[in-house]
Amino acid sequence: MPYGVELAARAARDLEILYLRKNATDSHAAARWYNALEEAIYTLAKDPHRCPVAPEPQRAKRKLRHLLFGKKPHVYRVIYEVQEQQQRVWVLTIRHGARRRARTSDIA
């Protein structure tokens, strides 16, 4: 049974910022990249456990996973939590892979 995929307010804001930064309204290549990122996020509905456990969980006290999207050096991490009882994938944040690990306040 597929999971529902929902974006936290922070993840929705991260997506919006990426859309603007990549200039997706004016560039076909940027729009394709952005649409592919969105598609990748929503494929988590089929098998959210396919992605590795994120390095953040020790501090977050939650079992978080991360979907890696893009090619080096432009890899983005989609950090999410699988909520089994609700059959939901809760996307917490989207960040560039070169950034420091997310703090608890970044994924709260």
* **With Cα atoms, 0 to 90° folded angle of helix 9-21 axis to the chain main axis** => 20
* Structure fact -> Scoring the chain by relative contact order with C-alpha pairs under 8 Å, at least six apart, yields a percentage of 30
* Structure fact -> Of the candidate values (1) 35, 19, 13; (2) 23, 16, 12; (3) 37, 15, 8, the one computed for semi-axes √(5λ) of the Cα gyration tensor in Å from this structure is (2)
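Taking the Cβ of Y34 as the centre, find all other residues whose Cβ is under 14 Å away and add up their charges (Lys, Arg: +1; Asp, Glu: -1). Show your work: numbers first, answer last.
Numbers: positive: R21, K22, R32; negative: D14, E16, D26, E38, E39.
The answer is -2.
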* To do: State, to one decimal in nm, how far the label point of A31 lies from the label point of K46, with both points 7 Å from Cα in the Cβ direction.
  => 2.6
* Placed amide H near H96: partners under 5 Å, 5+ positions off or other chain -> R77
* What is the spin-label model distance, in nm, from H96 to K61 if the labels are put 7 Å beyond Cα along the C-beta direction? -> 3.2
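Mind checking segment 26-88 for GluC sites (Glu not before Pro) that DSSP puts in a loop (not H, G, I, E or B) and that have at most 13 other Cβ atoms within 10 Å? Could you put the intermediate results ahead of the total?
Numbers: sites: E38, E39, E81, E84; in loops: E84.
Answer in residue order: E84.
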* Taking only protein heavy atoms into account and a 1.4 Å probe, give the accessible area per residue of segment 18-72 in Å². => 67
* **Filtered trypsin sites (Lys or Arg not before Pro), segment 23-53: DSSP coil and at most 12 other beta carbons within 10 Å** => K46
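The values are calculated or read from the model by the stated rules, or taken from the named source; none is laboratory data. Remember, predicted model here, so these are calculated numbers, not experimental data. Every residue, glycine among them, receives a Cβ derived from its backbone with ideal geometry; neighbour counts consider all protein chains shown. Surface areas here come from the heavy atoms of the whole protein model, side chains and all, with no ligands, DNA or RNA. Shrake-Rupley method; radii C 1.70, N 1.55, O 1.52, S 1.80 Å.
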